[in-house]
1. With a 1.4 Å probe and all protein chains kept in place, how much accessible area does A:GLU79 have, in Å² rounded to the nearest 10?
2. For the pairs A:LYS48/A:LYS74; A:LYS74/B:LYS74; A:LYS45/B:LYS45; B:LYS48/B:LYS74, note any where the Cα-Cα span goes beyond 29 Å.
3. If the label for A:HIS59 sits 7 angstrom from Cα along the Cα-to-Cβ line, what are its distances to the same label in every other copy, in nm to one decimal, shortest first?
4. Set the Förster distance to 25 Å, then compute FRET efficiency between B:LYS74 and A:THR5 from the Cβ-Cβ distance, nearest 0.05.
5. If the label for A:ARG30 sits 7 angstrom from Cα along the Cα-to-Cβ line, what are its distances to the same label in every other copy, in nm to one decimal, shortest first?
6. For A:ARG110 and B:GLU25, FRET efficiency with R0 = 25 Å and r from the beta-carbon atoms, rounded to 0.05?
7. Out of residues 5 or more away from B:LEU56 or on other chains, whose amide H comes under 5 Å of its own, with H placed 1.01 Å from N in the peptide plane?
8. Keeping all protein chains in the complex and leaving out DNA, RNA and ligands, what accessible area do you get for B:ASP92 with a 1.4 Å probe, in Å² to the nearest 10?
Number of protein chains: 2
Amino acid sequence: MLRVTKLTDYGVLLLSQMADGDEREACTARDLADSTRLPLPMVSKIAKLLAHHGLLLSHRGAKGGYSLARPAHKITLAEIIAALEGPIAITDCLGHDDCRCEADPICSMRGNWDVVNHAVRGALEGVTLEDMVAGKKVTVPSFPLALASSGSERSGK
Amino acid sequence: MLRVTKLTDYGVLLLSQMADGDEREACTARDLADSTRLPLPMVSKIAKLLAHHGLLLSHRGAKGGYSLARPAHKITLAEIIAALEGPIAITDCLGHDDCRCEADPICSMRGNWDVVNHAVRGALEGVTLEDMVAGKKVTVPSFPLALASSGSERSGK
DNA sequence: AAAAAGAGTACCAAAAAGGTCCAGTTTCCG
DNA sequence: CGGAAACTGGACCTTTTTGGTACTCTTTTT
């Protein structure tokens, strides 16, 4: 159904939890597990992934913990998803080049999928962690996404 | 990876194949299977779904087949995805109301997920079948999606 | 040294995706 | 009328992906 996995769902929850509190204070996986009521192993797994992808900084040893690698308004949803689910690619075609399409003249749709993918990614890059923080409200203007649709000519590149 | 299923991928292929040919000529599942080189049972399954959701008209019996229910520029990618994968909802929360969020004050992010979801759906509604038809090129203008983002110059609430 | 963290991996169960098959029905055509 | 050509509606199965847990390191502080 074109949905994000629970990992991402939880990840955003964790991150927004961290962004909400003392920004430069490191908090432990256990703390996060407690405040979000998610199981510790899950939190641990997600934090590791986020740290590995540069969204969190980790401090090892006693008194260690995690902290945001950047201010909340510089972390986008697109990055979070990419960190927890891999690169955003709407179809299989877009990732690798060994799909049947290339041998097959029928599927010259690839370029078009690419545009769709770009549009979706753009939407996701437009939302930052700060926007998602509990209590805040994101406002979206009437939705101005204008794809050149159906036959209308548009100044290409 | 936030990707669409193969059903959808194939579905778009089938539909664009139909849109490409004689628009008001019914073509059989077998024809489609041949021209797209997809296995017949797959084509059959997908066509059934699309017909069931009003994107295709089906004509039963000998000399039967499928035809587009509407002109190609009136069928959006969002509809195709909805027909083949169910309603577009980025997170679990958005579909049903029995998620843990509602008992839990922590997750007031639901409204924000909703905005994200809306943005993605909007992007998908902006692309029609005609845009995807083989040979055509969709061009997208610089990408003007402007979500009110990151504490910067936000006006108002 | 001991305790409190994170790192890295391996593992498993449940759900979803991907795909096939078959027993009806409907319609056309000779 | 009877058969062939199509769609209809399911059931079914296999493989992959998710979701979640566990266990053994290594690092750091006290």
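1. About 60 Å², ignoring ligands and nucleic acids.
2. Violating the 29 Å Cα-Cα cut-off are A:LYS74/B:LYS74; A:LYS45/B:LYS45.
3. 7.3
4. 0.15
5. Spelled out, the distances from A:ARG30's label point are 6.9 nm.
6. 0.40
7. Long-range HN contacts for B:LEU56: B:ALA51, B:ALA69.
8. Roll a 1.4 Å probe over it and B:ASP92 shows about 50 Å².
The values are calculated or read from the model by the stated rules, or taken from the named source; none is laboratory data. Only a predicted model underlies this, so the values are computations on that prediction, with no experimental measurement involved. Cβ: placed from backbone, ideal geometry, glycine included. Neighbour counts: every protein chain shown. Accessible surface areas use protein heavy atoms only, side chains included; no ligands, DNA or RNA. Shrake-Rupley method; radii C 1.70, N 1.55, O 1.52, S 1.80 Å.
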